[in-house]
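To start, the structure under review is shown below, and the notes come after it.
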Amino acid sequence: MSIHIAEVVPLRDTSRRRACTAAIFSFLLLFGWTVFLQWAGNAYSSEFSGYPDEPAHYVTGLMVRDYIASGFSQKPMAFAEAFYFHYPKVAFGMWGPLLHVGEGVWMLLFSASRTSVLILMALITASLAFTLSRVIGSEFGWAAGLAAGLALPSVLCVQTYTAMIMADNLCAFMDFCAIIWLGRYLRSERLRDAVLFGVFASLAVLTKGSGIALALAPPIAILITRRFALLKTWNFWLPAILVAVIAGPWQYVSYRFLSGIGDVRHVSWSIGSVYGPLMLHILGPWLLPFILIGIYDRVVAPFASRTVDGRWAAAAAFIPAFWLFHSFVPTGSAEERYTAAVVGPILMFLAAGVARVAAWLPARFPYRARAWALGIAVGCVFAGTVFAIPQKKSYGFAEVADVLLSQPDFAHAVVLVSSEDQGEGLLVSEIAMRDHRPGCIVLRGTKVLATVSWHGEHYVPRPPTPEETQEYLEQISVSYLVLEMRAGKEPYVHHRNLIRMIAMYPDRWRLVGIYPQKTHVTAPGSRIEVYEAVGQENRPRGKIRLDLRYTLGRWIER
């Protein structure tokens with residue numbers, strides 16, 4: 001007996017070491033591939049220009065970082081208002097806090113640089129890919145899991161938002177973890193699995209409100225498995241209680257903020273109908289047969305005998321849950337970025353479909369060889385039809401921020417930025433990243449020269465003329481004026497007033513430079529003019545009022 005134990009224990013230890021080594025190798029490979037895709041897409045050399053919300057996500061995380069570093073020196077709202085006054089792109093409360101708190105802690109431990117925060121985004125996507133690879137690997141083998149893991153960050157909607165500071169991939173990661181624990185609960189009915197499903201569902205909701213789609217997954221999974229007796233057990237309802245307690249209060253706060261932004265939200269069949277083609281676009285129509293075969297093999301065929309495995313039932317349930325939520329919850333429009341949440345389940349069924357088709361092929365070759373050949377063919381179809389590396393654009397605001405911060409008097413300067421598009425947020429985020437916070441005051445034209453809602457509705461210019469604009473800028477001692485002109489964009493009235501003001505008062509404004517001046521910039525038709533005020537030295541600054549009635553419901557002034 002002692003010989004038997006001596007033989008078995010080292011074998012078990014060796015097996016664990018090999019599994020651990022394989023897991024570490026898989027994660028590093030997935031992380032490296034994700035970072036490479038970011039780099040190839042110009043993410044590390046561009047501003048936060050991928051989506052209008054991106055600068056707000058960065059600046060909000062930076063505010064959390066500074067609040068932690070201050071030792072929680074003030075009440076949160078007082079600190080946030082003071083920070084916003086200097087860098088007006090904070091949006092804490094508009095989304096769940098998980099991404100911004102995670103950013104803040106990450107920035108505190110490492111740095112607030114662009115590279116640092118993009119590495120965090122890569123870690124989130126790589127963690128989702130690694131989790132998927134483990135799930136598929138446990139069913140179809142390590143190689144199949146790794147292939148699916150490499151495919152996930154390559155999918156266009158995932159890849160696009162990995163190159164940005166956005167919450168969608170983090171929400172997708174929390175969604176997928178919740179689905180896995182829901183599947184385990186359907187297998188085991190254990191309290192621990194129900195609790196972990198509730199915890200990850202709460203984290204999804206605390207990332208974005210779209211995480212609420214998970215609420216529809218359990219009832220659909222019950223229909224798929226036909227295990228209606230679970231409805232009578234208290235632990236089936238426990239996750240809903242956890243979500244209400246953990247994430248409910250924040251959702252209420254967020255709703256209060258969002259209700260005032262003036263966003264037009266509605267329910268329309270035209271919105272719901274868009275999500276079908278968007279989900280089809282994830283892997284393309286050529287791979288749809290394999291996905292459908294996977295759904296048939298893992299869900300439809302076992303349905304009659306009530307043998308649908310919990311993991312596959314949960315994955316299958318989340319796809320219609322996602323569609324129903326985004327179709328019938330009031331929203332502005334359908335957006336491809338939300339479909340990142342269903343990429344993991346779709347890849348699971350693709351893997352199942354490839355495995356089933358490989359089993360159907362003539363047995364002239366071993367199953368492993370058939371599965372490898374078919375998997376390679378599927379990979380080639382994906383690479384040749386839908387794979388692409390989207391290029392993130394640069395506009396020159398990073399260059400402008402460097403020029404401004406090099407000015408000797410910039411520490412106490414007042415900078416006004418006005419743009420025909422989303423340039424205001426780009427400059428705010430670039431200055432905030434580099435500044436000795438709190439330092440200069442950055443003002444946005446849409447906040448001090450106009451009244452406008454979050455999404456650009458209800459626009460009213462103030463002051464209404466170039467002459468009054470010049471008088472107001474002198475009153476609040478604006479030191480530098482940054483004007484972005486972008487081809488094909490219709491400027492706001494206040495932006496046109498600034499352009500006319502510069503022409504009317506050439507003795508009051510000195511041209512510092514026209515940017516971009518670097519050759520790597522990829523956005524054609526963008527021109528940024530930087531002006532310095534003449535004769536504003538040592539002039540006392542008047543009170544600045546920022547219109548936040550659409551979010552906080554009031555003005556703030558200092």
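Quick grid of which residues meet (1) under 15 Å from Leu278 (Cα atoms); (2) at pLDDT 95 or above; (3) part of a loop (DSSP other than H, G, I, E, B):
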position: Arg337; (1), (2), (3): yes, no, no
position: Val342; (1), (2), (3): yes, yes, no
position: Gly353; (1), (2), (3): no, yes, no
position: Arg356; (1), (2), (3): no, yes, no
position: Ala369; (1), (2), (3): no, no, no
position: Gly379; (1), (2), (3): no, yes, no
position: Phe382; (1), (2), (3): no, yes, no
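For Glu399, the requirement of being touching a strand residue (DSSP E or B) at 6+ places or on another chain (Cβ under 6 Å) and either crowded, with 18+ Cβ neighbours inside 10 Å or not in a loop (DSSP other than H, G, I, E, B) (or both) is met. Here the range 541-555 is the region considered, the condition is being surrounded by fewer than 16 Cβ atoms within 10 Å (Cβ to Cβ) and either β-branched (Val, Ile, Thr) or modelled with pLDDT under 75 (or both), and the residue that is nearest to Tyr255 (Cα to Cα) is Gly553.
Rundown of residues vs (1) within 32 Å of the chain's Cα centre (by Cα); (2) at pLDDT below 95; (3) at positive phi, yes/no style:
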| residue | (1), (2), (3) |
| --- | --- |
| Arg192 | yes, no, no |
| Lys208 | yes, yes, no |
| Ala217 | yes, no, no |
| Arg227 | no, yes, no |
| Leu238 | yes, no, no |
| Leu242 | yes, no, no |
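The residue list Arg306, Arg337 contains one member that is assigned by TED's automatic domain parsing to the domain that holds Thr162, over 20 Å from Val135 (Cα atoms) and touching a Cys at 6+ places or on another chain (Cβ under 7 Å), which is Arg337. Cβ-Cβ contacts under 7 Å between residues 6 or more apart (or on different chains), taken from a first residue in the range 329-347 that is under 20 Å from Ala215 (Cβ atoms) to a second residue that is of a type in the set (D, E, K, R), are listed as Pro330/Arg265; Thr331/Arg265; Tyr338/Asp168; Ala340/Asp168; Ala341/Asp175.
Kindly check whether there is at least one residue in the range 136-149 that is crowded, with 20+ Cβ neighbours inside 10 Å and over 30 Å from Ala371 (Cβ atoms). No, that holds for no residue. When we screen Tyr67, Tyr58 for residues that are within 13 Å of the chain's Cα centre (by Cα), of a type outside the set (D, E, K, R) and crowded, with 17+ Cβ neighbours inside 10 Å, the only hit is Tyr58. Please go through the range 402-413 and give me each residue that is surrounded by fewer than 20 Cβ atoms within 10 Å (Cβ to Cβ) and of a type outside the set (D, E, K, R), ordered by number. Those that are surrounded by fewer than 20 Cβ atoms within 10 Å (Cβ to Cβ) and of a type outside the set (D, E, K, R): Val403, Leu405, Ser406, Gln407, Pro408, Phe410, Ala411, His412. Residues of the range 459-475 that are under 14 Å from Arg545 (Cα atoms), free of Cβ contacts under 8 Å to residues at least 60 places away in the same chain and not hydroxyl-bearing (Ser, Thr, Tyr): Arg462, Pro463.
Yes/no per residue for (1) closer than 17 Å to Ala178 by Cα; (2) more than 20 Å from the chain's Cα centre (by Cα); (3) buried (at least 22 other Cβ atoms within 10 Å of the Cβ); (4) not aromatic (Phe, Trp, Tyr):
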site: Ser273; (1), (2), (3), (4): no, yes, no, yes
site: Pro277; (1), (2), (3), (4): no, yes, no, yes
site: Leu288; (1), (2), (3), (4): no, yes, no, yes
site: Val299; (1), (2), (3), (4): no, yes, no, yes
site: Phe318; (1), (2), (3), (4): yes, no, yes, no
site: Phe325; (1), (2), (3), (4): yes, no, yes, no
site: Pro345; (1), (2), (3), (4): yes, no, yes, yes
site: Leu350; (1), (2), (3), (4): no, yes, yes, yes
site: Pro366; (1), (2), (3), (4): no, yes, no, yes
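Tell me whether the range 181-192 contains one or more residues that are in contact with a His (Cβ under 8 Å, 6 or more places away or on another chain), assigned to a helix (DSSP H, G or I) and hydroxyl-bearing (Ser, Thr, Tyr). Among the residues of the range 181-192, not one is in contact with a His (Cβ under 8 Å, 6 or more places away or on another chain), assigned to a helix (DSSP H, G or I) and hydroxyl-bearing (Ser, Thr, Tyr), which makes the answer no. Determine, yes or no, whether Ala413 is at pLDDT 90 or above and out of contact with any helix residue (DSSP H, G or I) (no Cβ under 6 Å at 6 or more places or on another chain). Yes. Being surrounded by 12 or more Cβ atoms within 10 Å (Cβ to Cβ) and at pLDDT below 95 is a condition met by at least one residue of the range 11-24. Hey, can you tell me all the residues within the range 358-367 that are assigned to a helix (DSSP H, G or I) and touching a Lys or Arg at 6+ places or on another chain (Cβ under 6 Å)? Passing the criteria: only Ala358. Only helices (runs of 4 or more DSSP H) whose full extent lies in the range 29-147 are considered here, and the ones with at least 1 residues that are touching a Lys or Arg at 6+ places or on another chain (Cβ under 9 Å) and within 30 Å of Ile556 (Cα to Cα) are 54-69, 76-86, 98-109. Taking the range 287-300 as the range and being hydrophobic (A, V, I, L, M, F, W, C) and in contact with a Gly (Cβ under 9 Å, 6 or more places away or on another chain) as the test, the residues that pass are Leu287, Phe290, Ile291, Leu292, Ile293, Ile295. If you check Ala487, Ala450 for being more than 23 Å from Ala398 (Cβ to Cβ) and either modelled with pLDDT under 90 or not assigned by TED's automatic domain parsing to the domain that holds Ser46 (or both), only one passes: Ala450.
Could you tell me whether Ala112 is out of contact with any helix residue (DSSP H, G or I) (no Cβ under 8 Å at 6 or more places or on another chain), closer than 22 Å to Leu427 by Cα and small (Gly, Ala, Ser)? Here the answer is no, as Ala112 does not meet what is asked.
Restricting attention to the range 417-444 and to residues that are surrounded by fewer than 24 Cβ atoms within 10 Å (Cβ to Cβ) and more than 22 Å from Tyr67 (Cβ to Cβ), the residue that is farthest from the chain's Cα centre (by Cα) turns out to be Glu420.
Residues of the range 424-447 that are assigned to a helix (DSSP H, G or I) and at pLDDT 90 or above: Glu424, Gly425, Leu426, Leu427, Val428, Ser429, Glu430, Ile431, Ala432, Met433, Arg434, Gly445. Restricting attention to the range 151-177, which residues are more than 18 Å from Pro345 (Cα to Cα) and either assigned to a helix (DSSP H, G or I) or under 8 Å from the mean Cα position of the chain (by Cα) (or both)? Residues satisfying the conditions are Thr160, Tyr161, Thr162, Met164, Ile165, Met166, Ala167.
Against the conditions (1) more than 27 Å from Val415 (Cβ to Cβ); (2) touching a Gly at 6+ places or on another chain (Cβ under 7 Å), Trp142 satisfies every one except (2).
The values are calculated or read from the model by the stated rules, or taken from the named source; none is laboratory data. What you are looking at is a predicted structure, and each value in this text was computed from that prediction instead of being measured. No Cβ is skipped: glycine too gets one built from the backbone with ideal geometry, and neighbour counts run over all protein chains shown.
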